[in-house]
Amino acid sequence: MRNFSFLYLLCVLAPIVDHEASWCRGVKATSVDTSSGFAHVRPASLVLPSTQRPHVIAHRGACGYLPEHTLQAYRLAIDLGVEYIEPDLVLTKDGHLICRHDVDLSETTDVSLRPEFAGRRRNITFPSEVAVRDPDTGAAPLVSVEGFFSFDFTLAEIKTLRAKQRLTQRSSTYNGLFQVPTLEEVVDMVREAEGATGRKVGIYAELKEPYFFHLNGFDIESKVVEVLQTKDLGVRSSLPHLVPGPDVPAPLVLQCFDPYTLRRLAQRIPHVPLVQLLLSPLSKEHSSVGQGVSHHLGREATFGDMTLPEIAAYASGIGPAKSVFTSMDPAVARAVVDEAHELDLAVHPWTFRREAMYVDTPFQADSDEELRFFFESLNVDALFVEFPDQASMVIEKMLSDDSEAGLEDVSPEIAQAASAAARSSTLSTAPLPSRRGRSSRSNRSSSSSHAKTGREAPAFSVTNGKTSAPKDVMAEIDTMWSSALSALRSLAGSVVGGKDGSSWVEGGVCGGERDADTSSCQPGACSVDGVADAVYRLPYLAVPWLRRKAA
């Protein structure tokens, strides 16, 4: 007994003495950041209960309507009823987190038109971590990227830039109006919007290219942790709106393609849900340095690189590209989702856009049908969308439509084969027999308190017979509104001054004094209320009504 007591005491104290000790209790002790009091807090599950409607994540805000990653796009998304807004995070030269999808600013700002910044464009060469290494030397090949990199600009300089629409087929009406926000400004805006709407809204932030930032001398992980502590984004916060409940989204979710980054964050902030983003094996390129760059900037994970149990060891969910599922047999795709739910991994595919050119082939350009297939047939927990009102309408129709007949369960042979494929390191996409059709989300059953199973994975089909894209109401509204907005800007410019009335429009974004150094709102002063708010938000709030009327 004395020897047993000594060994037990040694096992308890060993991790304290040496955090690398791994031989006690069979679990490796890790250097968890306990400074914020979250050392033993588990993140809230992101797998939705079977009785709850799926969540809508506004991908870069409501960027189908307004320039991405602006306070205006985020607030419009909140007005349209989303559960989460999604800011992508990059770093400035002076260490501020700003909301941009690309490390290169040229795709989504007017930086390339600013003569004062012409000399900032440069080329960076670095070793690729994902390309095939030289078989003789084992060295990683060098790749080069060129652009206006965020870490070459101070926040004050960033604040002089104006956002623009990335996609040429979308409206450019709002180009040049909105600033690039910081993460702190987004948090303040969300809290203000929650107070105004009475709804809880989560922030689903992505760390962009941690490896690339590291190579250039920046630690984006530590900066994110610092801001989270400063803004009190945690489940043990005393603020009631930050405590998740059965029908309340988690206040914060962090996502990343880099599994090394997520594993480190799981050690440092174990209370925050983490989501492993996954590229499709069909994708030959992915980069956040603009469009068409055929190499990686970091260590992005591809679906099949890791097994689901391996991901579940550090993450609360997976975010695969939607083509991961549409490129495989639907029965296999559904089995992957079910397997993830059994491991308490939520499934959040990306990215769903209304335009026909972005709809995957099986759905014949019908974006509504594509959304419905993922929500209802695959039983995913949430989707990243760029037209939030469209996704909400699909969910409403899906939940209210009880005219469709229920279907038989997937046969045991299919379920067994698909489940085995889901557990393997690379998922087989070989065709499996499947049944055609769908069942109501309300009829689903659960294999655990969170896991969602019990509905058949139907074959791809377009049940409404449409072979062309639905009528794009947004395009009609934009045509009418563009001329009206131009007139408003001209009128505002003549009344209150400012080039083209832009200062008047921006004035509605900040309800307090602006910082003299950064031209941004001082902490707590951010506001999207005021006259200018109506200039860009009210027309699009009519979109859901017009779509219902058109239907």
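The values are calculated or read from the model by the stated rules, or taken from the named source; none is laboratory data. Since the structure is predicted, the reported quantities are computational estimates derived from the model, not experimental observations. Here the Cβ positions follow ideal geometry from the backbone for every residue, glycine too, while neighbour counts run over all protein chains shown. Side chains are part of the model used for accessible areas, which takes the heavy atoms of the whole protein and leaves out ligands, DNA and RNA. Shrake-Rupley method; radii C 1.70, N 1.55, O 1.52, S 1.80 Å.
Every condition in (1) in contact with a Lys or Arg (Cβ under 9 Å, 6 or more places away or on another chain); (2) open to solvent by 30 Å² or more (accessible area, probe 1.4 Å) holds for Phe352 except the one numbered (2). Take the conditions under 25 Å from Pro349 (Cα atoms) and not hydrophobic (A, V, I, L, M, F, W, C) and apply them to Arg191. Does it pass? In short, no.
A single entry from Ser36, Ser5 fulfils the requirement of being assigned to a loop (DSSP other than H, G, I, E, B), polar (S, T, N, Q) and modelled with pLDDT under 90: Ser36. Is it the case that region 180-202 has a residue that's crowded, with 22+ Cβ neighbours inside 10 Å, more than 16 Å from the chain's Cα centre (by Cα) and among the hydroxyl-bearing types (Ser, Thr, Tyr)? Looking for residues that are crowded, with 22+ Cβ neighbours inside 10 Å, more than 16 Å from the chain's Cα centre (by Cα) and among the hydroxyl-bearing types (Ser, Thr, Tyr), one finds at least one in region 180-202, hence yes.
Taken over region 296-324, the criterion of being part of a helix (DSSP H, G or I) and among the hydroxyl-bearing types (Ser, Thr, Tyr) is satisfied by Ser323 alone.
Can you find, within region 74-83, the residue that is modelled with the lowest pLDDT among those that are open to solvent by less than 10 Å² (accessible area, probe 1.4 Å) and either outside any helix (DSSP H, G or I) or touching a Leu at 6+ places or on another chain (Cβ under 8 Å) (or both)? Taking the candidates together, the pick is Leu76.
Among the residues of region 325-333, are any part of a strand (DSSP E or B), open to solvent by 10 Å² or more (accessible area, probe 1.4 Å) and not β-branched (Val, Ile, Thr)? For region 325-333, residues part of a strand (DSSP E or B), open to solvent by 10 Å² or more (accessible area, probe 1.4 Å) and not β-branched (Val, Ile, Thr): absent. Taking each residue of region 49-61 that is in a loop (DSSP other than H, G, I, E, B) and looking for partners that are open to solvent by 40 Å² or more (accessible area, probe 1.4 Å) with beta-carbon atoms closer than 6 Å, six or more apart or interchain, yields Ser50/Ser446.
Yes/no matrix, rows are residues, columns are (1) farther than 22 Å from Ser367 by Cα; (2) buried (at least 24 other Cβ atoms within 10 Å of the Cβ); (3) at pLDDT 95 or above:
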site	(1), (2), (3)
Ser50	yes, no, no
Arg53	no, no, no
Ile57	no, yes, yes
Glu68	no, yes, yes
Glu86	no, yes, yes
Asp94	yes, no, yes
Cys99	yes, yes, yes
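Here Val186 meets each of (1) in a loop (DSSP other than H, G, I, E, B); (2) hydrophobic (A, V, I, L, M, F, W, C); (3) touching a Cys at 6+ places or on another chain (Cβ under 9 Å) with one exception, condition (1).
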